[in-house]
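Visitor: If you scroll down you'll find the structure; I have some questions about it.
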Amino acid sequence: MSEVLDRLNEWLEDRPELQSSIAAWVRAMLRNWPEMVQDFQKEASLQEIKMMMTDHWEAWVQKREAKVRQESLQEGIKKGIEQGLEQGLQKGLQKGLQKGEALALQRLLAK
């Protein structure tokens with residue numbers, strides 16, 4: 001990404017309006033990573049974006065990975081609880097029906 005931003009900066013050196021537009025687009029794309037938003041200035045140029053990315057990339061990736069792991073863990077726990085409740089309910093109903101049938105047979109035999 002760093003090389004791409006360098007090339008864009010060179011290519012657009014004499015086109016400041018286009019450079020500004022592309023910088024705005026890059027900032028908008030990077031806003032999809034909430035970990036990055038706090039480090040970006042609203043009007044950062046392509047060169048400033050490159051410098052921020054170079055300085056912070058590893059930290060952003062680590063934050064993103066930690067967030068994804070945490071979300072995955074929470075989703076796994078939620079699904080596990082739901083599945084456990086469903087299985088417990090099914091077993092409970094099954095046992096209840098069996099006991100009910102056994103009681104009904106006992107009553108019939110007792111008569």
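Visitor: Is there any pair with a first residue in the range 62-88 that is closer than 30 Å to N32 by Cα and a second that is modelled with pLDDT under 95 and not acidic (D, E) whose Cβ atoms are under 7 Å apart and which are 6 or more apart or on different chains, and what are they?
Guide: R64/W33
Visitor: Additional query: Mind listing whichever residues of the range 52-88 are of a type in the set (A, V, I, L, M) and either under 18 Å from the mean Cα position of the chain (by Cα) or modelled with pLDDT under 85 (or both)?
Guide: M52, M53, A59, V61, A66, V68, L73, I77
Visitor: Between a first residue in the range 6-28 that is free of Cβ contacts under 8 Å to residues at least 12 places away in the same chain and more than 17 Å from M51 (Cα to Cα) and a second residue that is surrounded by 13 or more Cβ atoms within 10 Å (Cβ to Cβ) and among the small types (G, A, S), which pairs have beta carbons less than 9 Å apart while being 6 or more apart in sequence or on different chains?
Guide: none
Visitor: Which helices (runs of 4 or more DSSP H) does the range 6-111 wholly contain that include 3 or more residues that are surrounded by 10 or more Cβ atoms within 10 Å (Cβ to Cβ) and either out of contact with any Phe, Trp or Tyr (no Cβ under 6 Å at 6 or more places or on another chain) or of a type in the set (K, R) (or both)?
Guide: Hits in the range 6-111: 16-30, 46-110.
The values are calculated or read from the model by the stated rules, or taken from the named source; none is laboratory data. Only a predicted model underlies this, so the values are computations on that prediction, with no experimental measurement involved. Heads up, the Cβs are rebuilt from the backbone with ideal geometry, glycines too, and the neighbour counts pull from every protein chain shown.
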